[in-house]
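Report on one structure; see the data block that follows.
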Amino acid sequence: MKTSPYSRSDARKRDREDPLKKYRREFYRPGRVIYMDGNSLGLCSRRAKRTLLKHWTAWKKQGIGGWLNADPPWFTLGENLGAKAAPLVGALSNEVIAAGSTTVNIHALLSGFYRPGRKKRKILVDALNFPTDLYAAAAQIRLHGGDPDRDLIRVESADGVILAEEEIIGHMNEEVAVALLPSVLYGSGQLLNIKRLTEAAHDNGILIGFDCSHSAGTVDHRLHEWGVDFAMWCSYKYMNGGPGSIAFMFVHEKHFDRTPSMTGWWGYVKNRQFDMLPRFEPERGAAGWQISTPGVLSAAPLEGSLQMLAEAGIRKVREKSLALTGYLMELFDAWIGAPYDMRIVTPREPSRRGGHVALEHEQAWRITQALKARGVIPDFRPPSVIRLAPSALYISFEEVRTGMRRLKKIMDTRAYLSFPGRRDAVS
Ligand SMILES: *Cc1c(COP(=O)(O)O)cnc(C)c1O
């Protein structure tokens, strides 16, 4: 048997030694493909399907009775799923709630945490964050009578892909009220130092929130211990909750006395919600930040997928994810790299990268299409980034290896040149 570090038999050996290998079988695959797009839409698992059908059956058989008698009852499904997700981000059970959708949650949280004063009225963001976060922050400034051109501070990146923490910290001054940053940058896959940024924000009297959409379910956080003020994330990426599945909010315990701004009856003190009283009184905990009736069928698959993540353990998931992305980068260096004008823009250090690897090339869109035509599903972010996300629960080392072989072939033969240069609407 060949024992070269990059031989097929070596990849298979890594798979045999993988403590999470049994979870692969639990996922459905969209055809015979190597699915590296788990950071856009995670795959469907048997367990997710089972809990979806369970709640669908409860609706069918119990009608309105499901609110109290489904298992678990829909009335407190947001709390139930929040408690299940909490260990994945290092939070207390009642600091996390499943509710709404990511952007709505950004608005809900920002509107409650952004209370601008005369001098302290700026929101600090970075220029590389997901656009919706920037739109929401600008909108909150406008809603509070401010002007985003003046009050929204966007920290730039020197190279357009990586952020320097000291640069962000350098912008933290007495005029900043709130900072909203990503945990992992959706483009380059850089993982920010959440602990350090949180400490720096607090040293400057700034409240800080993180959008963990690109880390929840693949990176282990300690949001409570680090004192992060608030956070939100979607559940359809590494949490495998399904397209548009319900999102999450985290509110640190120290803020449980803070009254939300975008109030709605679903955040009312739970055991008196149906008293239907005219004056709002929030439930204590993240639950008080809920706005309206949760989409039960968009929450249902999460019950199964969160159970799997809990069973696998987020530390183990993170370990395997780092091993997969590390392996991918080694293969890239050995087989592809500079001679092809392609480079990895994701930081190499494990403590600075999330769950995906970003490759940059001038013809990234064409290469993306060539990969898809050869059964490798990456995604593309303009203008020139290809993202490869080997999701730890369902991607094997052998698949990473095969994917990189195909990429090498595409680069060697310049097969990408036969694909059009213009893009589809959803990439
Ligand atoms: C995926 C993602 C979102 C998605 O927002 P939706 O409201 O769910 O459409 C938002 N922010 C970040 C950082 C993301 O990665």
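The values are calculated or read from the model by the stated rules, or taken from the named source; none is laboratory data. What you see is a predicted model; the values in this text were computed from it and never measured. All Cβ positions, glycine included, derive from the backbone under ideal geometry; neighbour counts span all protein chains shown. Remember, those area values only see protein heavy atoms, side chains included, never the ligands or the DNA or RNA. Shrake-Rupley method; radii C 1.70, N 1.55, O 1.52, S 1.80 Å.
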**OP:** Using the structure shown, decide if residue 259 is among the β-branched types (Val, Ile, Thr), modelled with pLDDT of 95 or more and open to solvent by 10 Å² or more (accessible area, probe 1.4 Å).
**Re:** no
Original post:
Among the helices (runs of 4 or more DSSP H) confined wholly to the range 157-272, which include 1 or more residues that are within 27 Å of residue 84 (Cα to Cα)?
Top reply: 194-203, 223-226
**OP:** Hey, can you tell me all the residues within the range 193-228 that are within 16 Å of the ligand (Cβ to nearest atom) and touching a residue at least 60 places away in the same chain (Cβ under 8 Å)?
**Re:** 209, 211, 212, 213, 214, 215, 216, 217, 218, 219, 221, 223
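Look at residue 358 and say whether it is small (Gly, Ala, Ser), over 24 Å from the mean Cα position of the chain (by Cα) and outside any loop (DSSP other than H, G, I, E, B). Quick ask: steps written out before the conclusion?
Values: small (Gly, Ala, Ser): yes; over 24 Å from the mean Cα position of the chain (by Cα): no; outside any loop (DSSP other than H, G, I, E, B): yes.
It is false that residue 358 is small (Gly, Ala, Ser), over 24 Å from the mean Cα position of the chain (by Cα) and outside any loop (DSSP other than H, G, I, E, B).
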Original post:
Which residues, taken from the range 1-54, are within 16 Å of the ligand (Cβ to nearest atom) and either farther than 16 Å from residue 317 by Cα or in contact with a Leu (Cβ under 8 Å, 6 or more places away or on another chain) (or both)?
Top reply: 37, 40, 41
Subject >> Filter result (aliphatic (A, V, I, L, M) and in contact with a Ser or Thr (Cβ under 8 Å, 6 or more places away or on another chain)) within the range 90-118 >> reply: 98, 106, 108
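Regarding residue 175, is this residue farther than 17 Å from residue 230 by Cβ, out of contact with any strand residue (DSSP E or B) (no Cβ under 8 Å at 6 or more places or on another chain), modelled with pLDDT of 95 or more and of a type in the set (Asp, Glu)? Break it down into steps so the answer makes sense when it comes.
Details: farther than 17 Å from residue 230 by Cβ: yes; out of contact with any strand residue (DSSP E or B) (no Cβ under 8 Å at 6 or more places or on another chain): no; modelled with pLDDT of 95 or more: yes; of a type in the set (Asp, Glu): yes.
Here the answer is no, as residue 175 does not meet what is asked.
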**OP:** Those residues that are more than 14 Å from the ligand (Cβ to nearest atom), touching a strand residue (DSSP E or B) at 6+ places or on another chain (Cβ under 7 Å) and under 17 Å from residue 262 (Cβ atoms), I need them from the range 85-114; list them, please.
**Re:** 97, 113, 114
**OP:** Would you tally the residues in the range 115-153 being within 15 Å of the ligand (Cβ to nearest atom) and of a type in the set (D, E, K, R)?
**Re:** 2
